[in-house]
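Throughout, read-outs are computed from the coordinates displayed, never taken from laboratory work. Source: prediction; values computed, not measured. In this analysis, Cβ positions are derived from the backbone assuming ideal geometry, glycine residues included, and neighbour counts consider all displayed protein chains.
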There are 2 protein chains.
Amino acid sequence: MRDLFHEELDAIAADHLRMTSLIRDAIESATQALLGADLKLAEKVIADDLLVDQIANSLDERTINLMARQQPVASDLRSLVSSLRISSDLERMGDLAHHIAKLARMRFPNKAVPVVLEDLIRDMGSAATKMVEKMAVVIEFRDLNRAIDIDTDDDEMDALQRKLIGILLSDDWGNSVESAVDMAFASRYYERFADHAVSVGRRVYFTETGEYPAKK
Amino acid sequence: MRDLFHEELDAIAADHLRMTSLIRDAIESATQALLGADLKLAEKVIADDLLVDQIANSLDERTINLMARQQPVASDLRSLVSSLRISSDLERMGDLAHHIAKLARMRFPNKAVPVVLEDLIRDMGSAATKMVEKMAVVIEFRDLNRAIDIDTDDDEMDALQRKLIGILLSDDWGNSVESAVDMAFASRYYERFADHAVSVGRRVYFTETGEYPAKK
């Protein structure tokens, strides 16, 4: 049977899972809004990010109160510190989805993504969604193999970004500088989003084992 | 007289100050390396960032141990949680200076900054240095007015970034797409650097007063 402290830790993980579910929807919708110049969807992502921020704030409050009340021993304290850091990674992932949606809104009614990059942006969006889905499994089931997996996905994201930047800088880039700058920023947002997913995986790993997985 | 716990808090602030001093040098040198295509200086910034990361890691360890040993009451606990967050802001500022230096290295022996943007990049570098210097005063003397000041400086940084992006996107941008993408990223790194300085100011304010300053 779980004691009260561990029940509260479970409740924190449940809130991380709620945030993750919101972030999953946000990054998927942001990608769709960016590709389809869908203003309504972009606005929804921007508005919904407030909810992620609210959960993060109330969770911080609760986690710090739990530290103060329970005076946890070293390993439990490390769990709580990791929880605070996971919240802040998740909050930042929400921000990055929000940034992508803002790019879509800024160029509306035009499409921000030129045809030549549509597939790549779609791939970056899918990679991001896949990572956030794995992150949910890691948070819910403390699945450490999956936590390490996220690192491999991140290599894929980095490769997609390099490919995208290569296209922007190639001699036959036929689009505007504005479009190149937009796409450079978009790729950066996806890449940072992925970095934070890796970070969450590593923090859960740390919470469960007391050490970080080896960097590849 | 300070008790042991508060002496340890002072020691943490002293380490934050050491990090801040390294970051100050890093952002100043990175800007100089970027403007002057100075490979040696860029390499130095990249290598020195390891030191910032090392201090951050050992500081995290010490802060969490202090939490575990001292079982601090609510307000002291909040100070320690803020300390962890300040470390992570500072570590990220180091990373961003490192990113700027890597841009300089990537384009060496060419200059990454086109002539038309030299003044603006210099201004962004100066704004960043000014913010990090204020941050040092805030950390050392808990100067809350200065903490709020950093927010105003951030508006200046945002304005500089908007101006830079405006030049990239103007019809008379006579430089390459590569250069536009480089400068878009550089401006983003300065802008994020400034955001983290604001965040440090707000966290010190919170530690001292128990609340965050009103957002403007």
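Observations, loosely collected:
- The residues on offer are A:73, A:177, and the sole one that is closer than 25 Å to residue B:107 by Cα and without any contact (Cβ under 8 Å) to a residue 24 or more places away in the chain is A:177.
- For the stretch A:129-143, the set of residues classified as touching a Leu at 6+ places or on another chain (Cβ under 9 Å) and under 14 Å from residue A:203 (Cβ atoms) consists of A:135, A:138, A:139, listed by residue number.
- Residue satisfying all of: in the stretch B:88-135; in contact with a helix residue (DSSP H, G or I) (Cβ under 6 Å, 6 or more places away or on another chain) and not in a helix (DSSP H, G or I); surrounded by the fewest Cβ atoms within 10 Å (Cβ to Cβ) among these: B:108
- Per-region count, the stretch B:27-71, residues surrounded by 17 or more Cβ atoms within 10 Å (Cβ to Cβ) and more than 14 Å from chain A (Cβ to nearest Cβ): 20
- Condition met for residue A:130 (of a type in the set (Lys, Arg) and either closer than 30 Å to residue B:167 by Cα or within 13 Å of chain B (Cβ to nearest Cβ) (or both)): no
- Flag if residue B:26 is under 23 Å from residue B:118 (Cβ atoms) and in a helix (DSSP H, G or I): yes
- Residues satisfying the stated conditions in the stretch A:72-89, i.e. within 10 Å of chain B (Cβ to nearest Cβ) and of a type in the set (Asp, Glu): A:76
- The sole residue among A:122, A:162, A:107, A:92 that is within 30 Å of residue B:68 (Cα to Cα), of a type in the set (Lys, Arg) and either away from every other protein chain (no Cβ under 14 Å) or out of contact with any Phe, Trp or Tyr (no Cβ under 6 Å at 6 or more places or on another chain) (or both) is A:92.
- Conditions (1) more than 12 Å from chain A (Cβ to nearest Cβ); (2) among the β-branched types (Val, Ile, Thr); (3) crowded, with 17+ Cβ neighbours inside 10 Å: number failed by residue B:177: (1)
- The lone criterion from (1) part of a loop (DSSP other than H, G, I, E, B); (2) of a type outside the set (Ser, Thr, Tyr); (3) buried (at least 20 other Cβ atoms within 10 Å of the Cβ) left unmet by residue B:150 is number (1).
- Flag if residue A:82 is polar (S, T, N, Q), part of a helix (DSSP H, G or I) and touching a Phe, Trp or Tyr at 6+ places or on another chain (Cβ under 8 Å): yes
- Just so you know, in the stretch B:165-174 the residues that are in a helix (DSSP H, G or I) and within 9 Å of chain A (Cβ to nearest Cβ) include one that is farthest from the chain's Cα centre (by Cα), and it is B:169.
- Selection count, the stretch B:180-190, where residues are more than 10 Å from every other protein chain (Cβ to nearest Cβ) and of a type in the set (A, V, I, L, M, F, W, C): 1
- Sole residue being of a type in the set (Phe, Trp, Tyr), part of a helix (DSSP H, G or I) and within 13 Å of another protein chain (Cβ to nearest Cβ), chosen from A:206, A:193: A:206
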